[in-house]
1. Between Q205 and D123, how many nm apart are label points set 7 Å from Cα along the C-beta direction?
2. Please sort 140-150, 72-82, 191-201 by packing, taking for each peptide the average over its residues of neighbouring beta carbons within 10 angstrom, highest first.
3. Once you have the Kirkwood Rh of the range 3-178 from its Cα pairs, apply Stokes-Einstein at 4 °C and 1.567 mPa s and quote D in µm²/s.
4. Summarise the accessible area of the range 1-62 (1.4 Å probe, protein heavy atoms) by the percent that is carbon and sulfur.
5. For the charge dipole of the chain, defined by +1 on Lys and Arg C-beta atoms and -1 on Asp and Glu C-beta atoms about the Cα centroid, which residue among M174, N219, S19 has the Cα displaced farthest towards the positive pole?
6. Rolling a 1.4 Å sphere over the protein heavy atoms, what is the accessible area per residue of the chain, to the nearest Å²?
7. At a Förster distance of 41 Å, what's the computed FRET efficiency of S166 paired with R110, Cβ-Cβ distance as r, to 0.05?
8. Mind checking the dipole of the range 5-136: about its Cα centre, +1 per Lys or Arg Cβ, -1 per Asp or Glu Cβ, Debye to the nearest 20?
Amino acid sequence: MIRIIPDVLDAAGVTKLRSLIDAADWTDGNETSGPQAALAKQNQQLPEFGDTAAEAGRFVLEALGRTPLFIAAALPLKIYPPYFNRYTGGDTFGDHIDNAIRMRRGSDFRMRADLSATLFLADPDSYDGGGLVVEGFTEAPGLKLPAGHLVLYPSTTVHRVEPVTSGSRVASFMWIQSMIRDQGQRNLLFDLDMGVQGAAMALGQGDQTVVRLTGVYHNLLRRWADS
Ligand code: NI
């Protein structure tokens, strides 16, 4: 299942983030790649351990924390500090699969990547190519979302970024370890959550059926979640 999370950042947030990262020095995106990804990847990246990446990463994480649809869909336990990348002049990231375990150099941060996320930071009309193709979900020319929108997709999928033939595709991406490891269970909880919210809107938060269904949601979460 891929899920689109609109408006993680509003226009002012995108502008603020872009002015921060556009002013920084970017480096070859392969500095952080493993050997297989290095073959496929050709882009630029904000240096992972720089001050700008840290500040911009906090900005993205705070925005995600204010986005209920993201929380409901991902049920995040850990989020890898966001990366920022830029594709121009034919840059591309060919078919690959993301590593299962991510460790952050120089720290004890360690996580399992269940979900991958791309937060688009450029207007789709401002570049050609650059669509995200996720095998089994999107086909070429791939997905391009308005700036400030995010796509969540399973880290288990083969995916790629099509070559950018003009303009500049700027995005943030991150990995998420979900409290719910199993995709099927995670999807069920999301559907139940949406159903309960719909029922609460129709019947009121204090309705006995809504109370019971809310209980089922939380008791399934209690049964299945890592915390
Ligand atoms: Ni990837």
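The values are calculated or read from the model by the stated rules, or taken from the named source; none is laboratory data. Worth saying up front: this structure is predicted, and the values here are computed from it rather than measured. Using ideal geometry, Cβ is built from the backbone for each residue, glycine included, and neighbour counts are taken over all protein chains shown. These accessible areas exclude ligands, DNA and RNA; they are computed on the full protein's heavy atoms, side chains included. Shrake-Rupley method; radii C 1.70, N 1.55, O 1.52, S 1.80 Å.
1. 3.9 nm
2. Going from most to least packed, we get 72-82, 140-150, 191-201.
3. 81 µm²/s
4. Summing carbon and sulfur atoms, their accessible area is 53 percent of the total for the range 1-62.
5. The one lying farthest along the dipole's positive direction is N219.
6. It amounts to 49 Å² per residue over the chain.
7. On the way: r = 39 Å, r/R0 = 0.96.
Taking R0 as 41 Å, the efficiency between S166 and R110 is 0.55.
8. On the way: 12 positive and 19 negative charges, 116 e Å.
Charge dipole, the range 5-136, about its Cα centre: 560 debye, nearest 20.
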